[in-house]
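Report on the following structure.
The values are calculated or read from the model by the stated rules, or taken from the named source; none is laboratory data. A quick note: this is a predicted structure, and the numbers were derived from the prediction, not measured. Please note: Cβ atoms are built from the backbone with ideal geometry, for glycine as well, and neighbour counts cover all protein chains shown.
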Amino acid sequence: MRYESPTTTREAVALMAGEKGKAYLLAGGTDLLVRMRGDFIDPDLVVDIKRLPGIQEIHQSTAGFSIGAGVPCAALGRNRPLARAWPGVVEAAQLIGSDQIQGRCTIAGNLCNASPAADSVPALVAARAKAVVFGPDGRRRLAVEKIVTGPGKTSLEKGEIVMAIVLPKRPAKSGDAYLRFIPRTEMDIAVCSAGVSLTLGPRNVVKQARVALGAVAPTVVLVPKAARAIVGTHLEDDALMKLAAACEAACSPIDDKRGTVEFRTEVAGVLARRAAAIAYDRARRKR
Ligand SMILES: Cc1cc2nc3c(=O)[nH]c(=O)nc-3n(C[C@H](O)[C@H](O)[C@H](O)COP(=O)(O)OP(=O)(O)OC[C@H]3O[C@@H](n4cnc5c(N)ncnc54)[C@H](O)[C@@H]3O)c2cc1C
């Protein structure tokens, strides 16, 4: 196996695009190295992205936040403006693993690993996050929900690298939240999860919302009907019940030892309701 650690994006793209065998990008390595050590994969080439320009940086601009694909999740919570603007995305990222994992793992790696249970992805989808992708044909920007196409599968072409995840600028009175169910208190994979992002209008009426569910289908599920159920409301009980019903209807989970179809479906609705209430409360407190 060849290990490369390029210092330019062009070089990284050329290495990945030119490799005839199996080539993998290495960000934090908390999925990749586990799969290599477990003999699930046997790469011919590993390209470490951590020395690429800007990859370890978080930038705030008038357009929002750009989070480099090499930024470890631990650093997200330490960035006060980011944590204030997107508490749901940051809490989702910080649920990943332990302190040791947090020091290495990235949200781009969490996305590109393409697990249906990836914790940061429902929060990113709810947040309308975009992935900035560089490849042999240049640069493109696409919604994060367009990256994962199935368990372990992405829409990225050969040679393409996610260079950053971009979160849009938030209107005033916006909030987001992420919740997952695991049988333990930490270090476990979500049995199901929910991310909600919303913006309030005059008199704290919900003006816009996005609701996304994790671990209840092969990919994260965006549920526009759940969002419509709370738009125009103050999140009264009947609106929340409609949101939960829409979430349940959108679930098509697997049945395994960690959760039955019925359990995952019902809990997804409950988590979405609770996440919506937290996001609403966060939005209401903002000026
Ligand atoms: C002990 C432990 C606990 C864990 N707990 C959780 C948890 O609670 N929740 C959770 O969701 N996950 C968990 N994970 C899984 C893992 O930590 C996360 O998925 C993490 O976010 C992966 O990020 P990474 O930077 O380490 O990715 P890597 O391992 O470096 O990469 C993962 C995959 O994505 C590809 N990739 C990486 N970066 C890019 C890029 N920029 N562009 C294109 N492709 C790329 C790699 O080639 C690889 O296939 C855990 C893992 C361990 C070992």
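See the values below:
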| quantity | calculated |
| --- | --- |
| Sole exception among (1) crowded, with 18+ Cβ neighbours inside 10 Å; (2) under 18 Å from residue 193 (Cβ atoms); (3) among the hydroxyl-bearing types (Ser, Thr, Tyr) for residue 260, by number | (1) |
| Within the stretch 1-43, tally of residues that are more than 29 Å from residue 75 (Cα to Cα) and basic (Lys, Arg) | 3 |
| Failed condition for residue 58, given (1) touching a strand residue (DSSP E or B) at 6+ places or on another chain (Cβ under 7 Å); (2) within 11 Å of the ligand (Cβ to nearest atom) | (2) |
| Answer residue from the stretch 144-201, given it is without any contact (Cβ under 8 Å) to a residue 24 or more places away in the chain and of a type in the set (S, T, N, Q) and is surrounded by the fewest Cβ atoms within 10 Å (Cβ to Cβ) among those | 185 |
| Residues (under 14 Å from residue 127 (Cβ atoms) and within 11 Å of the ligand (Cβ to nearest atom)) located in the stretch 194-217 | 214 |
| Members of the stretch 224-244 found to be of a type in the set (A, V, I, L, M, F, W, C) and either surrounded by 15 or more Cβ atoms within 10 Å (Cβ to Cβ) or under 20 Å from residue 123 (Cβ atoms) (or both), listed by number | 226, 227, 229, 230, 231, 235, 239, 240, 243, 244 |
| Any hit, the stretch 114-123, residues being surrounded by 24 or more Cβ atoms within 10 Å (Cβ to Cβ) and within 6 Å of the ligand (Cβ to nearest atom) | yes |
| Lone qualifier among 262, 266 - being over 23 Å from the mean Cα position of the chain (by Cα) and at pLDDT 95 or above | 262 |
| Complete set of residues in the stretch 1-42 that are touching a Pro at 6+ places or on another chain (Cβ under 8 Å) and charged (D, E, K, R) | 22 |
| Answer residue from the stretch 87-113, given it is more than 6 Å from the ligand (Cβ to nearest atom), in contact with a helix residue (DSSP H, G or I) (Cβ under 8 Å, 6 or more places away or on another chain) and not aliphatic (A, V, I, L, M) and is farthest from residue 58 (Cα to Cα) among those | 99 |
| The listed residue being within 30 Å of residue 284 (Cα to Cα) and either more than 10 Å from the ligand (Cβ to nearest atom) or aromatic (Phe, Trp, Tyr) (or both), out of 146, 130 | 130 |
